[in-house]
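First comes the structure, then the notes that go with it.
Please treat every number below as a calculation from the coordinates, not as lab data. Nothing here was measured: the structure is a model prediction, and the numbers come from that model. In this analysis, Cβ positions are derived from the backbone assuming ideal geometry, glycine residues included, and neighbour counts consider all displayed protein chains.
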Amino acid sequence: MYHHLWLLVCILLLTGTPRIALAQDDPSALQVRYIEELKQRNAVYGPGCNGIGISVPATQNMPVDITSRWAAGHSACIPDLRLVMACIGEVAGEDRVIGCTIQVADGQGDGTITCEQLTLITPSTRYTPDAVLSDALGEASEGGSRSCSEPVNLAPGATVAAAFLVPATSSMGDLAIMIDINGAEVPAFLIPAGQLGAEPPPQS
């Protein structure tokens, strides 16, 4: 399956290339509060598709019927667009590689999505996608995903591949991905704790 192939490719890339810091500067260090606020807002919205969705593991097949109750709870919707996201992760030494695919499940919007519009929010700081790993994820995907390193039109069925390289110890717990489509804080996706691979080994 493609996710196992992709993880192998990413591990090989990690061992053969120098480490590149991709963390965004954020002196406030209030990421945990932000993630909790996203969870609270999602709960307040109640039933139906709203601006905050829930990621699913890439190993789980999404329902074909995107109008189902399942889709309403997992999709992130803004006017004219319904998005779904699936993520996988693996710990490689001191790093965690996180790969996500974001799909336009319904509707069409103006403009495109690129890596610069995607932000992974961890309990410690924020990260933008790694272009090389995103390219590897797009190439390994069986579903026609395109790397976020190139602009992807917001058309029905479009799937964007984005990969993040983060310290394993600082990417535990609930995470979130914010997508800057219209300059607002939504759409966003929550990534439940435990969805992204094994925890890092204890420090010696």
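A simple packing score, the average count of other Cβ atoms within 10 Å per residue, orders the peptides 129-135, 161-167, 78-84 as 161-167, 129-135, 78-84, with the highest score first.
Inter-label distance, residue 180 to residue 80: 2.0 nm, where each label sits 7 Å from its Cα along the C-beta direction.
In the distance distribution for the stretch 100-204, Cα-Cα pairs more than 20 Å apart total 40 percent.
Peptides 184-191, 152-159, 38-45, 99-106 ordered by packing proxy, namely the average of other Cβ atoms within 10 Å per residue, highest first: 99-106, 184-191, 152-159, 38-45.
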